[in-house]
1. So, in the stretch 156-183, how many residues would count as being within 21 Å of PHE366 (Cα to Cα) and either acidic (Asp, Glu) or crowded, with 20+ Cβ neighbours inside 10 Å (or both)?
2. State all residues of the stretch 146-174 that are more than 18 Å from the chain's Cα centre (by Cα), hydrophobic (A, V, I, L, M, F, W, C) and part of a loop (DSSP other than H, G, I, E, B); if no residue qualifies, say none.
3. Has the stretch 328-345 got at least one residue that is without any contact (Cβ under 8 Å) to a residue 12 or more places away in the chain, of a type in the set (D, E, K, R) and in a loop (DSSP other than H, G, I, E, B)?
4. Just need a number here: residues in the stretch 170-228 that are of a type in the set (Phe, Trp, Tyr), farther than 19 Å from ALA156 by Cβ and at pLDDT 95 or above.
5. Quick one: how many residues across the stretch 244-261 are surrounded by fewer than 21 Cβ atoms within 10 Å (Cβ to Cβ) and touching a residue at least 40 places away in the same chain (Cβ under 8 Å)?
6. Go through (1) part of a helix (DSSP H, G or I); (2) within 20 Å of GLU355 (Cα to Cα); (3) modelled with pLDDT under 95 and name the single condition ILE130 misses.
7. List the number of the failed condition for ASN374; all other conditions in (1) out of contact with any strand residue (DSSP E or B) (no Cβ under 9 Å at 6 or more places or on another chain); (2) within 23 Å of ILE155 (Cβ to Cβ); (3) not basic (Lys, Arg); (4) not assigned by TED's automatic domain parsing to the domain that holds LEU33 hold.
8. Going by the conditions given, is GLU119 farther than 28 Å from THR345 by Cβ, assigned to a helix (DSSP H, G or I) and either assigned by TED's automatic domain parsing to the domain that holds MET338 or out of contact with any strand residue (DSSP E or B) (no Cβ under 7 Å at 6 or more places or on another chain) (or both)?
Amino acid sequence: MLKRVLAIAFATSLSVIAPCSMAQDNKPIKIALIASKTGPSELYARDTERGLRLGLEYLTQGTMTVIGRKIELIVKDDQLKPDLSKARLTEAFGDDKVDIAIGTSWSGGALSMLPVAEEYKKILLVEPAIADSLTGSAWHRYVFRASRNNFQDGIATAAALKDGDTVAFLAPDYVYGKDSVAAFKEAAEALKVKVTYAKEEYIPQNTTDFTAPMQRLFDALKSGKGKKYLVVVWPTPNPIPKLAQLKPERFGIEFVSIGGSSLENLRNWKGIDVIGGTYYYYAFPKNAMNDWLVAENQKRYNQPPDLFTAGGFVTAAAVIAGLKKANSTDTEKLIAAMEGMEFDTPKGKMVFRKEDHQSLQEQYVFRVKKDSKNEWDVLDLVRVVPAAAMPVPVKTKKP
């Protein structure tokens, strides 16, 4: 009798557990994208989302399914406000119960999101914000970044200069601008490029009249030795066309761009002599994945992908590779799988460094073309800077 009772109890427990386990296996994998869809970073947000969706589609062969589970993408607008960046991520983890989050379109907002990911013990892939501090002084173990950081942009840019040049900086007065300038200087030192620094101008991001700061920069640069460069660090809309109207060539000053710009901004640089370093330009990488991205973006949106599209795709590649390797959405299993993980992207192979979860990757030195075939044909490749040639420092403070 006792054996029969135990057998019935065991069978009953299995009938309860099995559906629960099956339901868990069939639950969608929820991914949140926090992006600044309202405000001056609208283009960043739009193209990041496009790239993310294209990447998820390509890497799941159109099924939007990985490890046997459907992917559900939830997109939230932080309106370029740090309090909303934090609130949207809190909603995503707390209310929507997402497994992984991605965002946001600017470094100030991303910094406000980092403590939320740590509180919920969930992975946040920073994209497209690039401040060094995100995988440096503010980093914690739940943060990964598949895109580049300021130092990687800086080293690609510094690689375009030579010993004896004189350099000044124009940058927005917040973490992105200041980190970019600091990263350029550190990168130049790492490359042993000996340049003279004339002046740094940090001004509000909403500046529309650049006359006064540019005059101060002209005054500081015009007596410099060697080639004289004004390094411009700026989000959308990039002011280089407006700055060119002030005719820096009168003083022998040329433009240098850290990171390049969105494709829709780049097409306004035609006829302006600009050199610099960039994370991505659609014509530079040569591989099947990038070929598909370029063709598909052109087909759907009537233009090639820009660097933010590539960033979204690269982040999708990291997410899919991590889920496949971990075979789980469990945070600890994902961290273990993604640390040191190599993954294929439209830029080629990348790897997440274990110490700070920053991806190591190649960058590109460019020059604006003198002659172009169409509105999107803007940059010439000067050279590729391989990941092995970029001594990206580890700056984390947290274990």
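1. 18
2. Within the stretch 146-174, ALA159, ALA160, LEU161 meet the criteria.
3. Yes: the stretch 328-345 contains one or more residues that are without any contact (Cβ under 8 Å) to a residue 12 or more places away in the chain, of a type in the set (D, E, K, R) and in a loop (DSSP other than H, G, I, E, B).
4. Residues in the stretch 170-228 being of a type in the set (Phe, Trp, Tyr), farther than 19 Å from ALA156 by Cβ and at pLDDT 95 or above: 3 in total.
5. Number satisfying all stated conditions: 0.
6. So ILE130 meets the others, but not (1).
7. It fails just one condition, (2).
8. Yes, satisfied.
The values are calculated or read from the model by the stated rules, or taken from the named source; none is laboratory data. Only a predicted model underlies this, so the values are computations on that prediction, with no experimental measurement involved. Heads up, the Cβs are rebuilt from the backbone with ideal geometry, glycines too, and the neighbour counts pull from every protein chain shown.
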